[in-house]
Structure formats: structure tokens, C-alpha cells
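Scroll down for the structure; my scribbles are underneath it.
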Amino acid sequence: MKVVGARLPRYDGVGHVTGRTTYVDDVRLPGMLHAAALRSPHHHARITHLDTSAAEAMAGVHAVITHADVPLLVYGHLSGGGIPGDEPLLAKDHARYRGQPIALVAADTVDIARAACAAIDVGYEELPALFDVRLAFDDDAPVVNDAFGNWYDQYEGNLDVRQIRKGDIEAAFDAADLIVSGVYRTQSQEQVPLETQVCVAVPEPDGRLTIHTCTQAMYFSLGVVCSHLQLPMSQVKMVGGTVGGGFGGKVDTASDTLTALAAQKTERPVKWRWTREEEMLASGNRGPWHMEIIDAVSRDGWILGRKMLTIHDAGAYGRFSVYGVTKHSFHHTGAYTIPNLHFDGYVVFTNRIPTTAMRGYGITGLSTAIEVHAERVARELGMDPYEFRLKNANRVNDTSPNRIPYEDPSTVEVLQSLASATGSELSDDLRAMTRDQRSADMLPDHLAAQIGSGGGH
Amino acid sequence: MELTVNSVSCTVQSPPLTSLLNVLREELDITSPKAGCESGGCGACTVLVDGQPRRSCLTALCTVDGAAVVTVEGLGTPEDLSRVQQAFIHHYAAQCGFCSDGMVVAATAYVNAGGSDDTDAIREALAGHFCRCTGYVKILEAVAAAARGDELDIDSTASSANNTYVTIAGAES
Ligand code: FES
Ligand code: FES
């Protein structure tokens with residue numbers, strides 16, 4: 001074996017321990033300005049007026065950027081993939097979450113930029129805010145999102161929900177000996193990279209822009225910047241790859257676009273580094289998920305069918321949430337094979353920070369729900385949880401909720417290792433189990449129909 | 001005010017209440033101390049002040065007038081790495097590296113003070129230093145190795161010129 005167990009050279013090891021690695025905040029340029037943002041203090045408000053003249057008149061202030069300066073104000077992180085845009089780069093008439101940027105000031109020092117933000121005159125008319133996804137569908141719920149209302153409504157076929165329908169769910173529930181339901185809710189979580197969001201944008205003499213970025217998604221961010229700024233991609237050079245931690249929190253293009261705009265407007269290099277407070281308050285975090293699972297189970301421990309309702313809290317704008325819920329829907333049976341499925345997943349908007357990726361986007365909270373639920377079903381059945389899990393484990397040629405045959409599922413081996421690591425006894429049968437396709441005589445009727453006939457597509 | 005930074009004496013112009021972190025980063029362009037939180041919470045800005053680890057973000061310039069300040073740049077160079085730096089490389093204790101400057105500085109103070117390889121003692125010495133990437137295990141291993149004075153082979157882990165896979169004994173099978 002050439003790689004596993006080998007000591008691979010680390011190309012950045014020496015730089016990291018000698019202070020030589022250059023992160024975005026370490027980029028030094030002559031004449032560089034510093035930026036600070038004015039952010040909404042309200043969760044939901046109408047912006048009644050915005051007057052930046054006092055800030056612009058302050059000594060040391062070089063530019064104040066507002067919505068009026070953005071060539072294409074509203075764009076969506078998935079617009080490149082056909083999802084309509086919903087998020088203004090800077091708030092115009094409405095602030096939809098606390099911490100939403102309204103203006104960016106570029107000044108000689110950060111202190112001046114912050115003082116100038118405080119000198120911007122903004123009028124707000126506070127509006128009722130929505131925080132609980134369960135109330136989003138009520139007739140009297142505050143309306144959060146301009147483009148979509150309170151939930152995303154433009155899936156294929158004009159559906160307002162991500163659906164999976166597989167097999168015959170009613171037959172599965174008719175055949176069930178036991179029906180087990182549970183509601184699982186996971187909380188939001190900030191990624192907390194040690195390096196906060198930061199960008200340095202540099203106007204080049206030939207009119208192009210160089211952007212030193214902390215993004216985790218270089219070409220993606222290039223597209224977002226060029227779209228808002230209405231620049232051809234040939235005019236923007238992104239320099240990145242040295243990221244002080246991201247964990248999903250630097251997939252959103254948080255600081256590059258506004259910094260680039262400030263550099264364009266001032267014709268000076270501009271740095272915008274978020275404070276830790278801003279990072280916690282206003283950068284995209286892992287969203288909360290509301291998951292309801294109802295399983296139809298046979299007395300001998302097969303999961304015959306699953307009905308599931310998921311409500312994902314996207315925060316105020318869509319960002320990647322439509323992708324997140326789609327991925328979630330593909331994984332909603334987890335490590336187990338369930339042939340009959342009825343899944344509905346909603347992307348719901350609330351007056352919270354827009355949510356984004358974090359280590360297993362759409363999956364991590366889901367796995368908690370699936371595993372806690374599996375444990376409960378096993379208990380209800382009076383069955384050993386390992387036996388229950390192994391019985392329903394994904395095997396070669398079982399199909400995922402979106403009908404992809406598994407070529408290499410590892411559920412069986414993972415459960416066996418887990419049992420041995422925790423000193424749990426497995427029967428000889430379970431110890432001998434492999435990931436191989438179940439032999440026809442082992443198949444229960446419900447899986448025979450799925451696999452025996454070539455996958456139940 | 002006067003500071004000796006990594007053995008170089010400098011006269012600094014920043015106002016007296018400027019944080020040492022900003023003096024180092026913005027006036028002297030010494031960028032290894034990182035502004036992770038600027039409120040004493042993360043440890044990324046740690047430097048040695050007269051040999052003692054200090055949060056530079058909470059240290060006002062006027063309180064360290066005349067002091068000797070050492071940042072990670074002053075501990076060793078790529079050609080001449082300190083024991084702690086070698087141990088961090090050998091044990092892969094730096095992932096994104098953003099916490100490493102502060103970690104290496106604090107670990108150096110610990111090792112220089114004769115700290116042992118006892119895990120609890122190392123945890124205590126590094127308390128308040130946050131790392132979001134490594135899960136800390138590799139950092140504890142590195143500091144313990146430096147405290148013991150382990151013989152380290154960093155050539156296989158540190159090379160940037162030679163990007164070939166290096167196998168260790170027993171891995172070739
Ligand atoms: S920046 Fe000083 S402790 Fe975080
Ligand atoms: S290596 Fe990334 S924070 Fe420690």
C-alpha cells in the first residue's frame with residue numbers, strides 16, 4: 001500500500017508553524033483602505049430612508065456603498081443553476097434578518113469606517129418577524145421572502161415541495177404490524193472558523209480586479225461576484241486556497257462581492273475583515289431542521305415504508321437551501337433500505353441569518369433523526385437494535401430514495417465494527433453478514449418486489 | 001515607545017492604547033499573530049512578552065513599553081526550525097494553520113519552562129487556545145513529543161519541493 005499509513009509530505013506544514021503562510025488578512029498593499037458594514041439591527045423592518053451624506057463627508061471616508069451602487073442587486077447563490085435570485089447584495093426597501101448588510105464604508109482605517117457607519121442615517125419601520133418554521137404556513141404569518149413568499153415554490157413542475165414517491169406507500173402501511181412516529185428538530189450552528197470572513201480586493205491598472213478570497217468555492221464565488229458586478233469573468237482574478245477554516249461557512253460568497261465593489265468605486269485596494277461578533281451574528285450557519293418520520297414496520301423487523309415531512313429553515317434567503325433539501329431527500333432513509341417512500345421537504349424562510357453548508361449539508365441532523373428513530377423502532381419491536389439495523393442495512397443493488405443502486409454500501413461493516421468496538425455481542429448470522437446482494441431466498445416479499453424485478457424503478 | 005520584537009529593537013508610533021496585536025500586524029507588518037476574536041477568547045494572537053505567553057489583542061502597547069516580544073517568526077526559520085515547530089509538523093498538528101501561530105508560541109513557553117509530556121498539564125497550558133480543525137489530539141501529541149525531546153523525522157512530512165509519497169516501515173505490503 002503506497003498511501004494508507006504513509007507519512008505524506010505536507011506542502012504547507014513549514015509555512016504554518018513559522019508564520020509564513022499568507023492568509024487573506026495578511027495581504028499587505030500600499031494605499032489599502034479598510035471597510036466596515038452597516039447592518040440591520042432589526043430582524044424584520046421596512047427601510048423608510050437611507051441618507052449616507054454625513055458619512056460620506058467624514059474625513060478619511062473614501063466611499064459609501066449602498067444598494068444603488070450594485071449593478072445587479074438581486075441574485076441567488078444557485079441562480080447559475082436556474083433557481084431564481086432572491087437576495088439583494090445590500091438591503092434596499094426591507095431588512096429581512098438582523099445583521100443584514102445595508103451599506104459598506106471604505107475608509108483610511110477600520111475605526112473611521114465604523115464611525116462612518118454609525119453616521120449613516122437610516123429609518124426603520126419594524127415589522128413582525130417569523131422565527132418558527134411551523135408558523136410559516138399560517139395565513140397570518142409575516143411574509144419573509146419577496147421572491148417566493150414563506151416557502152420555496154419553484155421546484156420542477158411548479159411544485160412548492162421537494163417530493164419523493166417510491167413504491168406503494170399505502171400498501172406498506174396497510175401491511176404494517178406496527179407504526180412508529182417521531183418528530184426530530186435540530187438546532188442551528190455556527191461553523192466558527194478561526195479566521196473570520198475576510199477579503200482584499202485590488203483594482204488593477206488594466207481595469208481588472210484581483211480578489212484575495214477566503215472562499216471554499218473559488219469558481220463559484222467568481223460567478224457570484226461577476227454576476228452582481230456584471231463583469232465578464234475575464235475581468236476578475238480570484239486568489240485563494242489558503243483558508244483559515246471554513247467547515248461550510250465559506251461556501252457562501254460573504255465578503256468578496258462588496259469588497260470588490262468598494263475597490264472599484266475607490267480605485268484603491270480595500271480590505272474587509274469581519275469581527276468575530278459579525279461572524280457569529282451574520283455569517284451563514286447550519287440551518288435548523290424539523291423532521292417528522294412515520295415508519296410502517298413488520299413484527300419481524302422490516303421497515304416496509306416511511307412517510308417523512310421535512311421543514312428546513314433557510315433563514316431569510318434561499319442561498320443553497322434548495323440544494324440542501326434535495327440532498328436531504330435523497331438521503332432520508334440513511335443507511336437503511338426502505339422500498340416504499342413518501343417524502344415531502346419544504347424550504348421555509350424565516351427572519352434569521354440565511355443558512356448554508358456545514359459538514360454534511362442536509363444530512364447531519366437527518367442522520368440524528370434516522371438513528372434515534374431506528375433505536376425507538378427496535379425498542380418498540382423488542383428487537384436488538386443491531387439486529388434491526390443490520391436486517392434493514394443497505395446492501396449491494398438496493399436502491400436509494402432517488403433510485404440509484406448502491407454499488408458499495410458500507411452499512412454492514414460499519415455496524416459490525418461498531419458492535420465489536422463497543423463490546424456488543426452479535427449472533428453468528430449477523431457477524432457473517434456481508435454487503436453482498438441479498439440472495440433471493442432471503443428476501444422478504446417487499447424487497448423481492450424491489451430488487452428481484454430489477455430495482456423497482 | 002520602544003519594543004524589541006524578535007530580537008530587533010523598534011520605535012513604534014501607534015497610540016499608547018493600541019493593542020499589541022495591531023502594533024505587530026498593522027504597524028510592524030508582523031502577521032503571524034492572528035486576529036481570531038480580538039477579545040481574548042481564542043488564543044490565535046498569542047505572543048511571548050518577556051518570555052510569558054500573552055494575548056496580544058488584550059495587551060495595550062503602553063503596558064509593554066520596553067518589553068521583549070517574540071512571535072512565531074522569532075522562534076525558528078524554515079531552515080532552522082525549533083523543537084516545537086518540528087513536532088507540530090511531524091505530528092500534523094496544524095491543519096488550516098490559523099491557530100498554529102498562537103499554539104506554537106504557547107507550547108514553546110510551556111516546553112521552555114520545563115513542562116512535561118503529561119496530557120493534563122499540556123491541556124492546562126493551552127487552555128483558551130481554540131482549534132476548529134484538528135480536534136486537538138494531534139496538538140497534544142506534538143507538544144508532548146516536544147516536551148520529551150523526541151527524535152523527529154520531519155523530512156517526510158515537511159517537504160514542499162519533493163511531492164512524492166513517502167512510505168514508512170511496515171506500510172509497504
Ligand atoms: S485574537 Fe486575541 S484571543 Fe482571539
Ligand atoms: S488548524 Fe485550523 S484552527 Fe487549528
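The values are calculated or read from the model by the stated rules, or taken from the named source; none is laboratory data. In this text, all values refer to a predicted model and were calculated from it rather than measured experimentally. Quick reminder, even Gly has a Cβ in these numbers, built from the backbone with ideal geometry, and neighbours come from all protein chains shown. We work out accessible area using only protein heavy atoms, side chains counted, and drop any ligands, DNA or RNA first. Shrake-Rupley method; radii C 1.70, N 1.55, O 1.52, S 1.80 Å.
When Cβ neighbours within 10 Å are restricted to other protein chains, what is their mean count per residue of peptide B:65-74?
Values: counts 0, 0, 0, 0, 0, 0, 1, 5, 3, 2.
Neighbouring Cβ atoms belonging to other protein chains average 1 per residue here.
Let me know the shape class of the protein assembly as shown, please: from the alpha-carbon gyration tensor, a ≥ b ≥ c as square roots of the eigenvalues, rounded when a/c is under 1.5, otherwise prolate if a/b is greater than b/c, or oblate. Don't skip to the end; give the middle numbers.
Values: a/c = 2.32, a/b = 1.30, b/c = 1.78.
Oblate.
Heavy-atom accessible area per residue, chain B, 1.4 Å probe: how many Å²? The partial results should precede the final answer.
Values: 7700 Å² over 173 residues.
Heavy-atom SASA per residue in chain B reads 45 Å².
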Subject >> Relative contact order [Cα under 8 Å, 6+ residues apart], region A:166-289, whole percent >> reply: 37
Original post:
Looking at region A:164-206, which residues lose a minimum of 30 Å² of accessible area between their chain alone and all protein chains in place, measuring with a 1.4 Å probe and not counting ligands or nucleic acids?
Top reply: A:L194
**OP:** For the B and A pair, go ahead and give the buried accessible area with a 1.4 Å probe, both sides summed, in Å² to 100.
**Re:** 3700
Original post:
Per q in 0.16 1/Å, what log10 I(q)/I(0) does a Debye calculation on the alpha-carbon atoms of region B:1-106 return?
Top reply: -0.65
**OP:** Return the carbon/sulfur percentage of the accessible area of chain A, one whole number, probe 1.4 Å, all protein chains in place.
**Re:** 52
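Mind running the shape call on region B:75-156? Use the C-alpha gyration tensor, a ≥ b ≥ c as the square roots of the eigenvalues: rounded below 1.5 for a/c, prolate if a/b tops b/c, oblate otherwise. Numbers along the way, then the final one.
Working: a/c = 1.45, a/b = 1.12, b/c = 1.29.
Because its axes are fairly even, with a/c under 1.5, region B:75-156 counts as rounded.
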Subject >> Whole-angstrom gap from region B:23-79 to region A:103-166, using each part's C-alpha centre >> reply: 40
Subject >> At least 30 Å² accessible surface lost relative to isolated chain, residues of region A:263-278 (1.4 Å probe) >> reply: A:R273, A:R276
**OP:** Please report how far the C-alpha centroid of region A:78-93 lies from that of region A:402-445, rounded to the nearest whole angstrom.
**Re:** 45
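Rounded to the nearest 5, what is the percent of antiparallel bridges among the DSSP beta bridges in the protein assembly as shown? Write down the numbers at each step before the final one.
Details: 69 of 89 bridges.
Bridges in the protein assembly as shown are about 80 percent antiparallel.
Provide the percentage of antiparallel DSSP beta bridges, counting only those with both residues in chain B; round to the nearest 5. Before the final figure, lay out each step's value.
Details: 12 of 14 bridges.
Rounded to the nearest five, the antiparallel share is 85 percent.
When only Cα pairs under 8 Å and 6 or more residues apart are kept, what is the percent relative contact order across chain A?
It rounds to 17 percent for chain A.
If you add up the charges near A:T215, with Lys and Arg at +1 and Asp and Glu at -1, over every other residue whose beta carbon is less than 10 angstrom from its beta carbon, what do you get? Could you put the intermediate results ahead of the total?
Working: positive: A:K250; negative: A:D252, A:D256.
Every neighbour counted, the sum reads -1.
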Original post:
Which of the residues in region B:9-34 show a loss of at least 10 Å² in accessible area from their chain by itself to the complete set of protein chains, at a probe of 1.4 Å?
Top reply: B:R25, B:E26, B:D29, B:T31, B:K34
**OP:** Would you rank A:K237, A:K307 by solvent-accessible area, highest first, keeping every protein chain in place and using a 1.4 Å probe?
**Re:** A:K237, A:K307
Subject >> chain B: relative contact order in percent, alpha carbon pairs under 8 Å with at least 6 residues between >> reply: 22
**OP:** Calculate one ³J(HN,Hα) per residue across region A:420-434 by plugging θ = phi - 60° into the Karplus curve 6.51 cos²θ - 1.76 cosθ + 1.60, and present them in order as whole Hz with x for glycine and proline.
**Re:** 6, 5, 9, x, 8, 6, 10, 5, 4, 4, 5, 5, 8, 4, 10
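Rounded, prolate or oblate: which fits region A:1-66 when a ≥ b ≥ c are the square roots of the eigenvalues of the alpha-carbon gyration tensor, with rounded for a/c under 1.5 and prolate only if a/b beats b/c?
oblate
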Subject >> Beta bridges per DSSP with both ends in region B:2-74, % antiparallel, nearest 5 >> reply: 85
**OP:** Calculate what fraction, in whole %, of the accessible area of chain B sits on carbon and sulfur atoms when a 1.4 Å probe is rolled over the protein chains.
**Re:** 49
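Compute the accessible area per residue over region A:194-274, keeping the other protein chains in place, probe 1.4 Å, unit Å². List each step's numbers first, then the result.
Values: 2620 Å² over 81 residues.
On a per-residue basis, 32 Å².
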**OP:** Any of A:K237/A:K271; A:K250/A:K271; A:K92/A:K271; A:K271/B:K34; A:K166/A:K327; A:K307/A:K327 with alpha carbons more than 19 Å apart? Name them for me.
**Re:** A:K92/A:K271
**OP:** State the dimensionless ratio Rg/Rh of region A:99-145 (Rg: radius of gyration of Cα atoms; Rh: Kirkwood radius).
**Re:** 1.22
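Counting only helical runs of four or more DSSP H residues, what would the 222 nm mean residue ellipticity of chain A come to if each run contributes -39,500 (n - 2.57) and the total is spread over all its residues? Show your work: numbers first, answer last.
Numbers: 12 runs with 109 residues, N = 457.
So the calculated ellipticity at 222 nm is -7000 deg cm²/dmol.
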**OP:** Give the accessible area for B:M1 in Å² (nearest 10); use a 1.4 Å probe, count only protein heavy atoms, and leave out ligands, DNA and RNA.
**Re:** 60
